[in-house]
Amino acid sequence: MPRLGVIGWPIAHSRSPAMFEAAFAALGMEDWSYQRLPLAPEIFAETVTALGASGFVGANVTIPHKRAALALADRASEAARAIGAANTLTFHPDGTIAAENTDAPGLIAALGRSPRGMSALVLGAGGSARAAVWALLDAGAAKVSVWNRTPERAHALARELGAQAVADPVGADLLVNCTAVGLQRSASEAEALNQLQLSADQVGGYAYVIDLVYRDGLTPLLATARRAGVVTVDGLEVLVAQGALSFQRWIGRPAPLDAMRRGAGLEAPTS
């Protein structure tokens, strides 16, 4: 049985298994499976290098392993190398591992319009933030700023990719949250915004807000943005977009987007 999976730590919240299982069902791929692979950082490299021999064709990679995934790959796409992180690994019959980054094109696809000429603020400095910064600049954004609670990480990312690090969140056309703030439901809306050093008034000043965090119901950031009339993009939309690209890479055929959307918990768009 051909196997796929998603690697992360933690990974229990991931909707990728339901999304891919829905795709398999839609295409009659009963012999394929997709599973969660919770791997602590200290066992990541050893375990991943053995997946190919265990029947795995590929794996998605999420927090905190995206940079490590690129480092262990035998070869990588130009985009993954430029971003410095990978979210898609392919295990070849000869034992080699190829790395790709579908986060970047997935983000632009989920946005639904070109960011050319826009200004953008990216919150975070991990693998997803690196992909967001690279994707926005590559797609023609006029200016991309990076904020992180650890300023040194924001400066390092900005310096490597050609963005601008900022000490505090700044105004822009587009806001992209690439931190984990909002994943835990215990924090109030005000507490979550405070962790991002944002106020409700600031959030209302953006034209578009994308939150890569997804959960049941809106994240505090998206709830605030929607009340202010801002165009929002849920993290599930980005998950489906990047997952569809991974699916096509592994399977060699177009992904059934409507089925994947339903599997992830989104309604399929009406025609």
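The values are calculated or read from the model by the stated rules, or taken from the named source; none is laboratory data. Quick caveat: nothing in here was measured; it's all calculated off a predicted structure. Here the Cβ is made from the backbone with ideal geometry for all residues, glycine too, and neighbour counts use every protein chain on show.
Is there any pair linking a residue in the stretch 55-77 that is under 20 Å from Ala129 (Cα atoms) to one that is assigned to a helix (DSSP H, G or I) and of a type in the set (Ser, Thr, Tyr), with Cβ under 7 Å and at least six apart or on different chains, and which?
That search, which allows pairs on different chains as well, returns Asn60/Ser16; Asn60/Ser246.
Regarding Ala80, is this residue touching a Leu at 6+ places or on another chain (Cβ under 8 Å) and in a helix (DSSP H, G or I)?
For Ala80, the condition - touching a Leu at 6+ places or on another chain (Cβ under 8 Å) and in a helix (DSSP H, G or I) - is met.
Could you go through the stretch 240-249 and let me know if any residue there is out of contact with any helix residue (DSSP H, G or I) (no Cβ under 7 Å at 6 or more places or on another chain), of a type in the set (S, T, N, Q), within 16 Å of Pro105 (Cβ to Cβ) and part of a helix (DSSP H, G or I).
yes
Can you find a residue in the stretch 156-170 that is under 23 Å from Ala104 (Cα atoms), outside the structural domain of Lys66 (by TED's automatic domain parsing) and free of Cβ contacts under 8 Å to residues at least 12 places away in the same chain?
Looking for residues that are under 23 Å from Ala104 (Cα atoms), outside the structural domain of Lys66 (by TED's automatic domain parsing) and free of Cβ contacts under 8 Å to residues at least 12 places away in the same chain, one finds at least one in the stretch 156-170, hence yes.
Pairs under 6 Å by beta carbon, first residue assigned by TED's automatic domain parsing to the domain that holds Lys66 in the stretch 1-19, partner of a type in the set (Val, Ile, Thr) and not in a strand (DSSP E or B), six or more apart or different chains?
Matching pairs, first to second residue: Gly8/Thr62; Gly8/Ile63.
So which residues in the stretch 114-166 are modelled with pLDDT under 95 and assigned to a loop (DSSP other than H, G, I, E, B), if there are any at all?
Scanning the stretch 114-166 gives a single hit, Gly126.
Among the residues of the stretch 171-196, count how many are part of a loop (DSSP other than H, G, I, E, B) and surrounded by 15 or more Cβ atoms within 10 Å (Cβ to Cβ).
10
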